[in-house]
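Enquirer: Can you read through this structure? Questions will come right after.
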């Protein structure tokens, strides 16, 4: 290859290099990740410590999910779902809720939280985004996902509330309830005197008997006197 052809080849390579360097290259592998913290509380401190709550996250179609869409929480704990990785811009919607445990004495917080995630591509070709959390029950827009649970120690009988007795009298103190039951049994076994006056019919019958008895005594007395007078 002579010098003239070599010079032409180098010129062509230089032109191609300049052309390809002017084409923007997307940031291959650029992703946006986010994770959602959750808090589970028991304000009254009345739930057994070994109780576990299951938290579930669901996404609308095409919304990526964390590795574990269900996580387990203790009675009072703070934890976070695994990171969710986004590879494309878009609007994504998620819901987070509690799954009620098998123990029917647990009063589970039934709120459902809705999370809206917005992912965009910035000027550098990288993904970035943010999210908002709202409560579907209409409690405004909370800044965190929090569930507050309660515990019912005794079951309901006849529509009564916790601590109610069979007679429908509510008491939270077992000793007071026991004393009240003893008093009720004592009253059943030894009912107090009524103190009611005699009925008119019974009073009339009693008066008639008294009059007849008086007449009988008077007649007998006169008969005796008559017999004594005849003897004299």
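A short reminder: the numbers here are calculations on the coordinates, not readings from a lab. This structure is a prediction, so every number in the text was calculated from the model and none was measured. Note: ideal-geometry Cβ built from the backbone for every residue, glycine included; neighbour counts use all protein chains shown.
Enquirer: How many residues does the range 105-139 hold that are touching a strand residue (DSSP E or B) at 6+ places or on another chain (Cβ under 8 Å), within 26 Å of residue 76 (Cβ to Cβ) and not in a strand (DSSP E or B)?
Expert: Total satisfying the criteria: 7.
Enquirer: Within the range 76-86, is even one residue within 16 Å of the chain's Cα centre (by Cα), in contact (Cβ under 8 Å) with a residue 60 or more places away in the chain and surrounded by 13 or more Cβ atoms within 10 Å (Cβ to Cβ)? Before you say what the answer is, go through the steps one by one.
Expert: If we filter the range 76-86 for residues that are within 16 Å of the chain's Cα centre (by Cα), which is where we start, we get 76.
When the remaining residues are screened for being in contact (Cβ under 8 Å) with a residue 60 or more places away in the chain, the result is none.
Looking for residues that are within 16 Å of the chain's Cα centre (by Cα), in contact (Cβ under 8 Å) with a residue 60 or more places away in the chain and surrounded by 13 or more Cβ atoms within 10 Å (Cβ to Cβ), one finds none in the range 76-86, hence no.
Enquirer: Within the range 54-64, count every residue that is in a loop (DSSP other than H, G, I, E, B) and under 27 Å from the mean Cα position of the chain (by Cα).
Expert: Residues in the range 54-64 being in a loop (DSSP other than H, G, I, E, B) and under 27 Å from the mean Cα position of the chain (by Cα): 1 in total.
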